Each structure stands twice: as C-alpha cells, then as structure tokens.
Amino acid sequence: MESFDDQLQQQLDAIRDAGLYRELRRIDSAQSPHIAILGRSLLNFSSNDYLGLANHPALKEAACKAVEQFGAGSGGSRLISGSLAPHHQLEESLARFKGAQAAVSFSSGYAAALGTIGALLDKGDVIVLDKLVHASIVDAARLCQAKLRVFDHNDVTGLGKILKWASTGPKAAASSRKRRILIVTESVFSMDGDLAPLREIVEMKERHGAWLMLDEAHATGLFGQHRRGLAEAFELGHRVEIQLGTLGKAFGSAGGYVCGSRKLIELLINKARSFIFSTAPTPATTAAATAAIELVQSDEGERRRNLLWSNVDRVKNGLVTSGCQIPVVRSAIIPIIVGDEAKAVSLSSALSELGIFIPAIRYPTVARGEARLRLTVSAAHSSSDIATLLGAFTRCCEKPRPT
Ligand SMILES: *Cc1c(COP(=O)(O)O)cnc(C)c1O
C-alpha cells in the first residue's frame, strides 16, 4: 500500500510539473518597502499595505496599549466571553467611517465573506458572482447551497440576463418565501487592479430586486472623498446593502468586517458561523485597526493617499517608458501579465536578483496561462525606491512578453 506521504508526494510532483509549486519565503523584518530575505535587503513591491501603515508608529502604539490593558488573547468567541471593549470601539469607528448604521468585525476578510454569505442565503436562493471575484467569495458561494451563477468579468449585460432568469424563477423550494438574489463583486479587482462598473451594477440590481455585496478590500482607504471606498467615489454607498472589507490591506492590521444596516449586523451576529464559532481577534490587531481607521481619516491619511497616487503614476509612466505594456488601471495594483507560469516565475527571480521583490501570481489565484507579476505600490515607497524599480524593469522587461 502506498504510504500517506507517497500519495501526497504525487500531488506535489504534479503541482511542480505544472509550474505551480509554491513555498513560503521567510521575511526577517517588518512589513515595509525594504524587507530582509535570506540576509539580503529587497525592495518590496508586493504588499497590500498601500498606505504604509503596517509598521506605522501610531498602529504599533495602539497595539501595545491594547496588550497592556486587555492582554494578548481575547479568551473566547465574541458571543461567549470575548467581546472586549476594543472590538466595540473598532466597530463604532468602522460604522462612522463608512457612514453605515453598524459594523461587525471578523478574524479575516475571508471569514467575513464566508460567514456573511452563509447567513444571508440558503438553498433555493441565487448567488451571482463576477468571474474574477476573490476565492473567499467563491468558497462562500459554494458553501451556502444557493444556486451559483457567474457572469463574465464586468459584463453588466451578462449580469442582467442572469438576474432576469433569477427574478422570474420559481419561489424558494423550502418555503413560499421570495427567492433571494445576491450579487457579489469587488470594487477594485485584486489581481487585475481594474474597477467594477458600479453604477450600472447598482441600477441593475435595483431593477431586479436583488441585493449587492461589494468587496472593497483594495479600495477602502484609497477612493472617495472620505476614503471609504469606490462606492463613495461613485456616490453609491447608501445603495449597497452589504459592504465587505479587510483590515489587513490599506488599514495595515488584520481582520475583516461588514458594514450595513443595524438589521444586517444583528443578523450576522446571530447567524454568521465564522463569527459565532471562532475566537475573537486579538486586542492588539483590533486596536491597531481602529488606530488605522482614525489615521486614514486624518490629514495624514489624505497626504498618504495623495502620495500613493503620485507614486502609482510614476511607476505606471516609468513602466510604459521602459517598454513594459501594462493594462490601463486606476488602482495601486499594476498587473504585468506574462502568461506562461514558468516565465512569470523566472521574471520574478530575475527581478529578485536585482533586489526587487515581486512574486509571480499563478493558477489557481488567476486563470491558467494568465500568470503575472502583481506589482503593488505603497505611499511608503520613496522616489529612489521607484527609480530602482524602474531601472530593474528596464533591464528585465525587453525579454518577457507582457500583453
Ligand atoms: C485579501 C482579500 C480578501 C480576504 O481578506 P483577508 O482579510 O486577507 O482574509 C477578500 N477579498 C479580496 C478581494 C481580497 O483581496
């Protein structure tokens, strides 16, 4: 009989043969533009720490203070004994920041998607996803037992056809209640950096009586007058039923959240299994997130956002000048599509030799044959960091075949 490890080795071999093998790279420094890997300092253009807050003194101080006052662990799930003052402060800050009635936090954005979709939908309901939504939403959609339909990326006409079918279909099987229809999309797409046609989607969902869950993971802190996200920039915040986000990207901490009506949050506290059956996030990460939300709303937050956008412009212009073709993006995510998995890995290695850290993104994070370098820009990058990046690309970018 084959041993357990032999069977796993076969799977690992298949992953490696497909050019999809992954391994962890240990970083011996804080998350910042310069990271230490295997004793070398590399310039980090891979982080989601868009505003440079992960290592910011205000967040570190808030985390330390919370540890002093509330300890290292939270001791239980929120509904048992873990609902500490820092969690309540975070949720009040979040709701105020997003201009929503209420908010609830989760241990991650992944857990927030899983718990929320599962709480809202059941067998007989319909969930409709943009083809490129994040894995957490795909997993949640599968788990919730609702009928799953997918529309082509940003294809509002395709979405309309599905909604027409869904809204004229039979009532939910189990009861005579109205079938629920939930659309889920991202506002800024995590691997492509492009934007959803939000206005059209909102109009469409209202026409068909559907609900919209908007994942603002890569937009919160960056878009809109108050930096609430893309829905704010489009003046649609009040028309989105479920606003999902993470505390681990522009907010520089960790955790996830949902903002919306008081009833939505009340329902999630009662039904979201990833909230109910999981230890509450630690006081440190929670307090750091609250500090980040305050910082994002301050003058410094505005300064950092402006710095980020000017860095993004410099990087984009520089890449184009150095012969790299990049799609037109309006976010801090710049995908450099290579196509072939092995080629993407070798471009990433070549850049690493030149002191630049940008990992290759491959299947199943993106479709097969659409491997890419996902370059992300931060407000914390200096002019000389960007000059170094562009210099390295000029040397590497003639060969690869970006599309
Ligand atoms: C990162 C991400 C998530 C998950 O958030 P975590 O807090 O990292 O679990 C969800 N959706 C999108 C679009 C993301 O990019």
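The set of residues in the range 64-82 that are touching a Pro at 6+ places or on another chain (Cβ under 8 Å) and crowded, with 16+ Cβ neighbours inside 10 Å comprises 66, 70, 74. Of all residues in the range 306-331, how many are surrounded by fewer than 21 Cβ atoms within 10 Å (Cβ to Cβ) and over 17 Å from residue 395 (Cα atoms)? Total meeting the criteria: 10. Among the residues of the range 77-122, write down those that are within 16 Å of the ligand (Cβ to nearest atom) and among the aromatic types (Phe, Trp, Tyr). Within the range 77-122, 106, 110 qualify. Residue selection: residue 295 satisfies the criterion of being more than 16 Å from the ligand (Cβ to nearest atom) and either over 14 Å from residue 98 (Cβ atoms) or part of a strand (DSSP E or B) (or both). Could you tell me which of the residues 142, 96, 78 is among the basic types (Lys, Arg), free of Cβ contacts under 8 Å to residues at least 12 places away in the same chain and under 23 Å from residue 290 (Cα atoms)? Sole residue among the options that is among the basic types (Lys, Arg), free of Cβ contacts under 8 Å to residues at least 12 places away in the same chain and under 23 Å from residue 290 (Cα atoms): 96.
Residues to consider are 301, 255, 224; find the one that is modelled with pLDDT of 95 or more and under 26 Å from residue 81 (Cβ atoms). Going through 301, 255, 224 in turn, just one is modelled with pLDDT of 95 or more and under 26 Å from residue 81 (Cβ atoms): 255. Residue count for the range 1-38 under the criterion of being assigned to a strand (DSSP E or B) and open to solvent by 90 Å² or more (accessible area, probe 1.4 Å): the result is 1. Here are the criteria: (1) over 17 Å from the mean Cα position of the chain (by Cα); (2) polar (S, T, N, Q); (3) in a helix (DSSP H, G or I). Tell me which single one residue 145 does not satisfy. Only one criterion in (1) over 17 Å from the mean Cα position of the chain (by Cα); (2) polar (S, T, N, Q); (3) in a helix (DSSP H, G or I) is unmet by residue 145, namely (3). The residue that is most open to solvent (accessible area, probe 1.4 Å), counting only those in the range 226-256 that are within 23 Å of residue 378 (Cβ to Cβ) and assigned to a strand (DSSP E or B), is 246. Determine whether the range 379-389 contains at least one residue that is touching an Asp or Glu at 6+ places or on another chain (Cβ under 8 Å), buried (at least 22 other Cβ atoms within 10 Å of the Cβ) and without any contact (Cβ under 8 Å) to a residue 40 or more places away in the chain. Checked the range 379-389: no residue is touching an Asp or Glu at 6+ places or on another chain (Cβ under 8 Å), buried (at least 22 other Cβ atoms within 10 Å of the Cβ) and without any contact (Cβ under 8 Å) to a residue 40 or more places away in the chain.
Is it the case that the range 177-195 has a residue that's open to solvent by less than 20 Å² (accessible area, probe 1.4 Å) and over 30 Å from residue 339 (Cα atoms)? Checked the range 177-195: at least one residue is open to solvent by less than 20 Å² (accessible area, probe 1.4 Å) and over 30 Å from residue 339 (Cα atoms). In this entry, residue 260 is excluded by the filter for residues that are in contact with a helix residue (DSSP H, G or I) (Cβ under 6 Å, 6 or more places away or on another chain) and touching a residue at least 40 places away in the same chain (Cβ under 8 Å). The residue of the range 257-272 that is farthest from residue 184 (Cα to Cα), among those that are aliphatic (A, V, I, L, M) and surrounded by fewer than 20 Cβ atoms within 10 Å (Cβ to Cβ), is 269. Would the range 123-133 turn up any residue that is open to solvent by less than 70 Å² (accessible area, probe 1.4 Å), modelled with pLDDT of 95 or more, more than 16 Å from the ligand (Cβ to nearest atom) and β-branched (Val, Ile, Thr)? Taking every residue of the range 123-133 in turn, at least one turns out to be open to solvent by less than 70 Å² (accessible area, probe 1.4 Å), modelled with pLDDT of 95 or more, more than 16 Å from the ligand (Cβ to nearest atom) and β-branched (Val, Ile, Thr).
The values are calculated or read from the model by the stated rules, or taken from the named source; none is laboratory data. It should be emphasised that the depicted structure is a prediction, and the values quoted were computed from it without experimental measurement. Backbone-built Cβ (ideal geometry, glycine too); neighbour counts: all protein chains shown. SASA here: full protein model, heavy atoms, side chains in, ligands and nucleic acids out. Shrake-Rupley method; radii C 1.70, N 1.55, O 1.52, S 1.80 Å.
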